[in-house]
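A.B. asks: Below is a structure I'd like to ask you about.
The values are calculated or read from the model by the stated rules, or taken from the named source; none is laboratory data. Quick caveat: nothing in here was measured; it's all calculated off a predicted structure. Cβ: placed from backbone, ideal geometry, glycine included. Neighbour counts: every protein chain shown.
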Amino acid sequence: MHYQTVAKILGVLLGIFSVTHLTPLLVSIIYDDGNSMPYVISFSVTLLTGLLLWAPNRKLKKDLRYRDGFLVVVLFWTVLATFGALPFIFADQHSLSITDAFFESMSGLTTTGGTILVNLDQLPQSTLYYRQQLQWLGGMGIVVLAVAIMPMLGIGGMQLYRAETPGPMKDSKLTPRITESAKALWYIYLGLTVSCLLAYWAAGMTLFDSIGHAFSTVAIGGFSTHDASLGYFNSPLIESIAIIFMLIASANFSLHFLAWRNRTVAPYFKDSEYRFFLLIACVATVVLILLLISQNVFANNLDAVRSGLFHMVSIMTTTGYTAGGFAWWPGALPVMLILFSFMGGCAGSTAGGMKVMRIQLMYKQGRKEIVRLVHPNAVLSIKTGGQVISEKVINTVMAFFSMYMLSFAMTGFALCLVGLDWVTAFSAAAACLNNLGPGLGLVADNYAQINDSAKWILSFAMLLGRLELFTLLVLFTTTFWRD
C-alpha cells in the first residue's frame, strides 16, 4: 500500500474541496445573512489540512495502484463529509452537534437528501445554498473531477475512476483517455445543471431557488430550500420540469455523451437498460395512479395523476422530492414507493439504488434458469444490448444483490436495537442505503427526531450505498491489507 501517495492525493482533493467553501461565503456576503465566518474558518481549516498532507509528499512520483484507489475513494468521502460538516458546526444560527452536522454533510455528499435541519425557510441563504452545493458536488463525485488533474501531478487516475464510478459495466470509458472521460462527464453534468436552472427560472422560481433545485435535481439529491420541498411552489409546471430532469439524470451519462457527440437522441432508445427503466417507470406509475384513484386518496382524479406521477418518478429515481408527501397515503402505497427505490436509476447515472442494469440482469438470469428446467441440455446465454454477458458479471451481480439485501436487513435490525420502531427503522435503512432520503414513521419529514446512534448507523449506510457496497466493504477484509 502506497500510503504516501494516498496522503498526497487526499491533500490535493482537500485543497480542491476547500475552494468550494468560498461560494457560500459569497452568497452570505451578497444576502448579508450574518453567516460568513463559518465558511472562512472551514475554508482555512480544510486548506491547511490539505497542505499538511500534500507538502511532505509533493515530490513523490509513485504510480497509484488499483488497491490504493479504493482506499483513496473511501477515505476521501469520509474525510470530505467530516470537513463538509464544519460550516454546520460553526454557524451560530443553527449550530449543530458533531453527529447532526456529519449526518447532514454525509447526506448531502452522498445525494441521500435526508435532513436534520428543520424550519428551512428561516435559515440563512448561505446555509441553504451550501446544502444544495454539497449534493451537486457529490452527484457525479468530486473524485471524478479530480481525476482530470491527476496527470499534472504525475499520478494516474484510472484506479480512482474505476473505484468511484458505479455500475457493473464500469470498466468502459467514454473516451480513450481517462482525463478526457472525466472532463466529458463534468461538461455534460454542468450543461444539464444550467439547462435545469434556466427551466426552473422560466417556470417562476427565483434565481436562488432555481440554482438550488437545479443542483439537487441533476444530482438526484432531493434537498430543497423549503420545508415543503417542491410542494412549496404548488406548480404543475415546476413539477413537470423536475420529472423531465430526474428522468434525464437517471440515464447512464455515457448516453448523454453519445447523444451530444452524434447530435441525436437515438442512443437513449437503443439502450436496453434505459428502455427497461422507462418501461418499469411507466407501468409502476400507472399502477400507483389507479390505486390512488380507486382508494379516493385525492379529491379529484387529476390530483391523483399529478401526485402519482411526480412521486413515483421522484422516489424511483431516488431523488426524494415530495409535493405534499406520501407517508400519509393509505395501506401499502408508501411501502410500494420505498420498494421501487431499491431499483434506482441506470448504471453510470447520479441515481442511487441497486441500478436498473443489475435488476435487468437478475430478471434475465431468473428467466434463463426457468427455461433450463424445461431444456436442461440447452446452451443458454444472457444478452443485453446485443452483447453476451459473461458468467463473471452475472456472478458479481448476484453477489451484489445478496450483500445489498443483507446490508439492508442488518441496518434495519441495528436501528431497531438502538430504539427505533420497525417501520421507522426499516424505511430509514432503505432510504439511506438507496440514497433516497425520505422514509416512513419518524423519518417521513426529517431525521431530527431519531437518536445519535441511529444517525451514525445511517451515515454509514449512506456511504455504503453511494459507493455500492464492495468499494467500502473491501476495506474490512484481511486480504485487502496484505502486501
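Okay, residues lined up against (1) modelled with pLDDT under 85; (2) within 25 Å of the chain's Cα centre (by Cα); (3) among the polar types (S, T, N, Q):
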residue	(1), (2), (3)
Val335	no, yes, no
Phe342	no, yes, no
Cys346	no, yes, no
Met357	no, yes, no
Leu361	no, yes, no
Gln365	no, no, yes
Glu369	no, no, no
Asn377	yes, no, yes
Lys383	yes, no, no
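A.B. asks: When the residues of the stretch 15-24 are narrowed to those that are assigned to a helix (DSSP H, G or I) and either among the charged types (D, E, K, R) or more than 20 Å from the chain's Cα centre (by Cα) (or both), which ends up surrounded by the most Cβ atoms within 10 Å (Cβ to Cβ)? Steps first, answer last, please.
C.D. replies: Going through the stretch 15-24, the residues assigned to a helix (DSSP H, G or I) turn out to be 15-19, 22-24.
Keeping just the survivors that are either among the charged types (D, E, K, R) or more than 20 Å from the chain's Cα centre (by Cα) (or both) gives 15-16, 18-19, 22-24.
Working: Gly15: 18, Ile16: 17, Ser18: 20, Val19: 11, Leu22: 13, Thr23: 14, Pro24: 27.
Per the stated criteria, the residue is Pro24.
A.B. asks: Quick check: anything in the stretch 210-226 touching an Asp or Glu at 6+ places or on another chain (Cβ under 9 Å) and either at positive phi or surrounded by 23 or more Cβ atoms within 10 Å (Cβ to Cβ) (or both)?
C.D. replies: We begin by selecting, within the stretch 210-226, every residue touching an Asp or Glu at 6+ places or on another chain (Cβ under 9 Å); these are 224-226.
Next cut, either at positive phi or surrounded by 23 or more Cβ atoms within 10 Å (Cβ to Cβ) (or both) only: 224-225.
Yes; the residues of the stretch 210-226 include at least one that is touching an Asp or Glu at 6+ places or on another chain (Cβ under 9 Å) and either at positive phi or surrounded by 23 or more Cβ atoms within 10 Å (Cβ to Cβ) (or both).
A.B. asks: Is the stretch 261-272 home to any residue that is part of a helix (DSSP H, G or I), in contact (Cβ under 8 Å) with a residue 40 or more places away in the chain and surrounded by 15 or more Cβ atoms within 10 Å (Cβ to Cβ)?
C.D. replies: Yes.
A.B. asks: Can you find even one residue in the stretch 315-327 that is under 27 Å from Thr111 (Cα atoms) and outside any loop (DSSP other than H, G, I, E, B)?
C.D. replies: Keep residues of the stretch 315-327 that are under 27 Å from Thr111 (Cα atoms), which gives 315-327.
Filter once more, so that each one left must be outside any loop (DSSP other than H, G, I, E, B): 315-316.
Checked the stretch 315-327: at least one residue is under 27 Å from Thr111 (Cα atoms) and outside any loop (DSSP other than H, G, I, E, B).
A.B. asks: Please pick out the residue among Phe426, Phe408, Phe460, Phe413 that is aromatic (Phe, Trp, Tyr) and closer than 18 Å to Ser97 by Cβ.
C.D. replies: Working: Phe426 fails: closer than 18 Å to Ser97 by Cβ; Phe408 fails: closer than 18 Å to Ser97 by Cβ; Phe413 fails: closer than 18 Å to Ser97 by Cβ.
Phe460 is the lone residue from the list that is aromatic (Phe, Trp, Tyr) and closer than 18 Å to Ser97 by Cβ.
A.B. asks: Oh, and also: I'm trying to understand the selection: among the residues of the stretch 370-388, which are of a type in the set (A, V, I, L, M, F, W, C), surrounded by 10 or more Cβ atoms within 10 Å (Cβ to Cβ) and not in a strand (DSSP E or B)?
C.D. replies: Val371, Leu380
A.B. asks: Anything in the stretch 432-465 that is out of contact with any helix residue (DSSP H, G or I) (no Cβ under 7 Å at 6 or more places or on another chain) and within 21 Å of Met403 (Cα to Cα)? List them, or say none.
C.D. replies: Within the stretch 432-465, Phe460 is the sole residue that qualifies.
A.B. asks: For the stretch 197-253, enumerate the residues that are over 14 Å from the mean Cα position of the chain (by Cα) and not in a helix (DSSP H, G or I).
C.D. replies: Matches in the stretch 197-253: Ala203, Gly204, Met205, Thr206, Ser224, Thr225, His226, Asp227, Ala228, Phe233, Asn234, Ser235.
A.B. asks: Of the residues that make up the stretch 297-304, is at least one among the charged types (D, E, K, R), more than 30 Å from Gly386 (Cα to Cα) and surrounded by fewer than 24 Cβ atoms within 10 Å (Cβ to Cβ)? Steps first, please.
C.D. replies: The first filter runs over the stretch 297-304 and keeps only residues among the charged types (D, E, K, R), leaving 303.
Retained after the next criterion (residues that are more than 30 Å from Gly386 (Cα to Cα)): 303.
Add one more test, that the residue is surrounded by fewer than 24 Cβ atoms within 10 Å (Cβ to Cβ), and what stays is 303.
So far as the stretch 297-304 goes, yes, one or more of its residues are among the charged types (D, E, K, R), more than 30 Å from Gly386 (Cα to Cα) and surrounded by fewer than 24 Cβ atoms within 10 Å (Cβ to Cβ).
A.B. asks: Could you check the stretch 316-333 and list, in sequence order, the residues that are buried (at least 23 other Cβ atoms within 10 Å of the Cβ) and on the phi < 0 side of the Ramachandran plot? Write out each step before concluding.
C.D. replies: Within the stretch 316-333, the subset buried (at least 23 other Cβ atoms within 10 Å of the Cβ) is 316-322, 326.
Passing the criteria: Met316, Thr317, Thr319, Tyr321, Thr322, Phe326.
A.B. asks: Name the one entry in Phe43, Phe76 that is crowded, with 19+ Cβ neighbours inside 10 Å and closer than 25 Å to Met1 by Cα.
C.D. replies: Working: Phe43 fails: closer than 25 Å to Met1 by Cα.
Going through Phe43, Phe76 in turn, the sole match is Phe76.
A.B. asks: Same structure, new question: Can you tell me how many residues in the stretch 452-463 are surrounded by fewer than 24 Cβ atoms within 10 Å (Cβ to Cβ) and either under 11 Å from the mean Cα position of the chain (by Cα) or modelled with pLDDT under 95 (or both)?
C.D. replies: Qualifying residue count, the stretch 452-463: 1.
A.B. asks: Please give the number of the condition Leu258 fails out of (1) of a type outside the set (Asp, Glu); (2) part of a helix (DSSP H, G or I); (3) within 26 Å of Leu134 (Cα to Cα).
C.D. replies: (3)
A.B. asks: Mind telling me which of the residues Asp421, Asp445 ends up being among the acidic types (Asp, Glu), closer than 30 Å to Leu230 by Cβ and loosely packed, with under 15 Cβ neighbours inside 10 Å? So that I can check it myself, show each step before the final result.
C.D. replies: Values: Asp445 fails: loosely packed, with under 15 Cβ neighbours inside 10 Å.
None of the other options fit; the residue is Asp421.
A.B. asks: Can you name the number of the only condition in (1) surrounded by fewer than 17 Cβ atoms within 10 Å (Cβ to Cβ); (2) in contact (Cβ under 8 Å) with a residue 12 or more places away in the chain that Phe476 fails?
C.D. replies: (2)
A.B. asks: Going through the stretch 86-116 one residue at a time, which ones are in contact with a Ser or Thr (Cβ under 6 Å, 6 or more places away or on another chain), crowded, with 24+ Cβ neighbours inside 10 Å and either closer than 15 Å to Pro24 by Cβ or of a type in the set (Lys, Arg) (or both)?
C.D. replies: Pro87, the sole residue that qualifies.
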